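Step one of this worksheet: look at the structure below.
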Amino acid sequence: MKGVRAQVLIRLLVVPVVAALAVLLAGAPGAQAQTDVSEIGAALRESPVYVDPAASDLLSKSDADALADKIEDAGEPVFVAVLPAGYPTENLFQNLRTDTGITGLYGVRLGDRFDARADSSVLSRQGVRNLVTAVQGAGDPKAQLNDFVDDALRSVRGSAPSSWDSGGGSAPTGALITAGAVVVVGGAGVYALSRRNRHRREQEQRAALERLRVVVDEDITAFGEELDRLDFHPAEPGADDAMRADYERALDAYEQAKTYMADAGRPEDVRAVTQAVEDGRFSLAQLAARREGRPLPERRPPCFFDPRHGPSVADATWTPPGGTTRQVPVCAADRARLSDGRDPMIREVDTDYGRRPYWDAGPAYGPWAGGYFGGGILPGLLVGTMLGSMMAGPAYGAGYGTGYGDFGGYEGGDVSGGDFDPGDFGGGFGGGGDFGGGGDFGGGF
């Protein structure tokens, strides 16, 4: 009898102690299992907003659902994750982008901090910095995330991933029957949204191509005038096979450029046009050297300030207004102007804000410049500009015209898996959108 009483007494003492220890351990830092990034990525493939269970105090389920509905209704590739304060930040954006596998803009509220990253095909790094800076002072998570999403929906390019329409997981039979009935009605709406987004992108591309067409036609016309000024006749005295071959290549390039431009259907098709023009100009430079008995010129990029000036003759030091000094390839005329302390003759194009240098005229001019400055030279020359930031990724070296602006490569909402520029998602968390480029938020370089 005494043994039974002793056992009961021990239980009465031990059970509360064990329960208390369990409570303490549950509340201890790190006791709750950390959500793996792959789980977050999987959730974002099904819905644009993810709230970690350990961060449910930051954004309620109803607020998260309302935010997700806003993004889905807009049909834009914007992702939002809400994570607890202690979540590891090392390579967070890069890993999240890899596991989600979809091009887009990613905003993360981590405790009381907020930051974002985006594929450059969706939004430029400067654009991301501006979005983050605009909401950085908001303390309330709901207000901050809604402000971020509102601003983002007006800025990003592309469309929502198709996986948001499909949903995920299993559902009860009754729910499936109901969903089947809704699909008949809702399918038309989904199709209409997809068609609207596709139609919008096509309109943007047509408008960009028409703006480019004006500039490219000027280039082709200028090249044709150079052919006329050269006044070479294959049968003229002193002409040899090498001269005739140079002339033939220049004529072929001229005809190719006109054909390529006539067949162009997208802005990225322009790259082949300007590449043909540049090849033709080099052939003319060789022909001129042979006729004048000069050494043949080396193959150099065209004049940085205006490719119509022809192949560059040297690299010159140039400091743009408000920017850093750099070496740029220049023609003889611009080299002389810089030596005299005068401004170079810069190629300007029409934009919605008036005439601007081509490097500040928008993403559509990327393929145009890429045809002239292939091989990776231009990104270094254009550091700090809109066009330069688009060319900074490794995709440029692989073949220009893919992944720059909304004109080629993976657009916003496309599944690219791990094929993206890690530089778009680098940098430490909480830098106010500053990804290592310094605090230069001004225009120019």
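The values are calculated or read from the model by the stated rules, or taken from the named source; none is laboratory data. Not measured: the values here are computed from a predicted model. Positions of Cβ are generated from backbone atoms using ideal geometry, with glycine treated the same way; all protein chains shown enter the neighbour counts. To get the accessible areas, we keep the full protein, side chains included, count just its heavy atoms, and leave off ligands, DNA and RNA. Shrake-Rupley method; radii C 1.70, N 1.55, O 1.52, S 1.80 Å.
Taking amide H positions as modeled 1.01 Å from N, with prolines and chain starts lacking one, the residues under 5 Å from residue 316 and 5 or more places away or on another chain are 328, 330.
Which shape class applies to region 236-332: rounded if a/c is under 1.5, otherwise prolate when a/b exceeds b/c and oblate if not, where a ≥ b ≥ c are the square roots of the Cα gyration tensor eigenvalues? Note, shape of region 236-332 comes out oblate. For region 118-126, 3J(HN,Hα) computed residue by residue from phi via the Karplus equation (6.51, -1.76, 1.60; θ = phi - 60°) reads 8, 5, 5, 6, 9, 7, 5, 5, 5 Hz, glycine and proline entered as x.
Leaving ligands, DNA and RNA out of it, report the carbon-plus-sulfur percent of the accessible area of region 277-346 at a 1.4 Å probe.
49 percent
Note on residue 164: accessible area is roughly 20 Å² with a 1.4 Å probe, heavy atoms of protein only.
Amide H contacts for residue 79 (H built 1.01 Å from N in the peptide plane; partners 5 or more residues away or on another chain; cut-off under 5 Å): 105, 106, 107. For region 60-90, the residues whose backbone nitrogen is under 19 Å from a point 7 Å from the Cα of residue 203, taken along Cα to Cβ, are 73-77. Summary of packing: across the peptides 286-297, 91-102, 60-71, 235-246, the per-residue average of other C-beta atoms within 10 Å ranks them, highest first, as 91-102, 60-71, 286-297, 235-246.
On the accessible surface of region 45-114, probed at 1.4 Å, how many percent belong to carbon and sulfur atoms? In region 45-114, the share of accessible area belonging to carbon and sulfur is 44 percent. Shape verdict for region 63-166, please, from the Cα gyration tensor: rounded (a/c under 1.5), prolate (a/b greater than b/c) or oblate. Cα axes put region 63-166 in the rounded bin.
Each peptide in 367-373, 266-272 was scored by the mean count of other Cβ atoms within 10 Å over its residues; highest first, the order is 367-373, 266-272. Between residue 133 and residue 339, the contour length at 0.36 nm per residue exceeds the Cα-Cα span by 70.1 nm.
Taking amide H as placed 1.01 Å from N in the peptide plane, residue 114 has no amide H partner under 5 Å among residues 5 or more places away or on another chain.
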